[in-house]
Amino acid sequence: MNMFLKIIAYFCIATTPIQIIVVLWGMQVVLSSDYGILTLSNIEFIKNYFALLLPIVDWFYSWFWNAWLNFVFSLPLILSQTFKAIVSTWLGFWILKKIN
């Protein structure tokens, strides 16, 4: 069990740089386009700047509750990714502290 938790913790910590890169990319999009910090949603970012993920998003819609996904994808990208990066990093370090 400790090994599984350690893998989860390291995964949470290791994905933080990717989330920070997405936040910086979103800030660059906001600064260079007509989008604002609150108007650049996750789905708008994926559709216009990261279309590689569209098949995965379509697959999500075939498996998960559509109303919930609409809510999640409509959140502002910069705010939600920043929050996710903070919580993910904190959770990873918290799990490591608890199992050691």
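The values are calculated or read from the model by the stated rules, or taken from the named source; none is laboratory data. No experiment lies behind these values; they were computed from the predicted model shown. Cβ: placed from backbone, ideal geometry, glycine included. Neighbour counts: every protein chain shown. Remember, those area values only see protein heavy atoms, side chains included, never the ligands or the DNA or RNA. Shrake-Rupley method; radii C 1.70, N 1.55, O 1.52, S 1.80 Å.
At a Cα cut-off below 21 Å, give the lysines reachable from Lys6, other chains included and same-chain residues fewer than 8 away excluded.
Partners within reach: Lys84, Lys97, Lys98.
About its Cα centre, what dipole magnitude does the chain give when the only charges are +1 on Lys and Arg Cβ and -1 on Asp and Glu Cβ, stated in debye to the nearest 20? Walk me through the numbers on the way to the answer.
On the way: 5 positive and 3 negative charges, 101 e Å.
Using Cβ point charges on Lys, Arg, Asp and Glu, the chain gives about 480 debye.
Round to a whole angstrom and tell me the spacing of the C-alpha centers of region 82-100 and region 1-64.
18
Starting from the Kirkwood Rh over alpha-carbon pairs, what translational D in µm² s⁻¹ does region 18-88 have by Stokes-Einstein at 10 °C and 1.306 mPa s?
127
Considering Cα pairs under 8 angstrom that are at least six residues apart, work out the relative contact order of region 18-88 and quote it in whole percent. Don't skip to the answer; put the middle values down first.
Numbers: 53 pairs, mean separation 36.2, N = 71.
It comes to 51 percent, rounded to a whole number.
May I ask you to list, by number, the DSSP H helices of the chain whose Cα span along the axis is at least 27 Å and whose average Kyte-Doolittle hydropathy reaches 1.0 or more?
Helices passing the filter in the chain: 77-99.
Using a probe of 1.4 angstrom, how much of the accessible area of the chain is carbon and sulfur, in percent?
Details: 5300 of 7070 Å².
Carbon with sulfur: 75 percent of the solvent-accessible area.
Efficiency by 1/(1 + (r/R0)^6): what FRET value for Val57 and Met1, r their Cβ-Cβ distance, R0 = 22 Å, to the nearest 0.05?
0.10
Amide H of Ser41: which non-local residues (sequence gap of 5 or more, or other chain) have their own amide H closer than 5 Å, using H built in the peptide plane?
Long-range HN contacts for Ser41: Leu77.
So, by mean Cβ neighbours within 10 angstrom, what's the order for 58-66, 17-25 with the highest one leading?
17-25, 58-66
Rounded to the nearest 500 deg cm²/dmol, what is the calculated helix-only ellipticity per residue at 222 nm for the chain, with -39500 (n - 2.57) per DSSP H run of length n ≥ 4? Let's see the in-between values first.
Working: 6 runs with 80 residues, N = 100.
Estimated from H runs of four or more residues: -25500 deg cm²/dmol.
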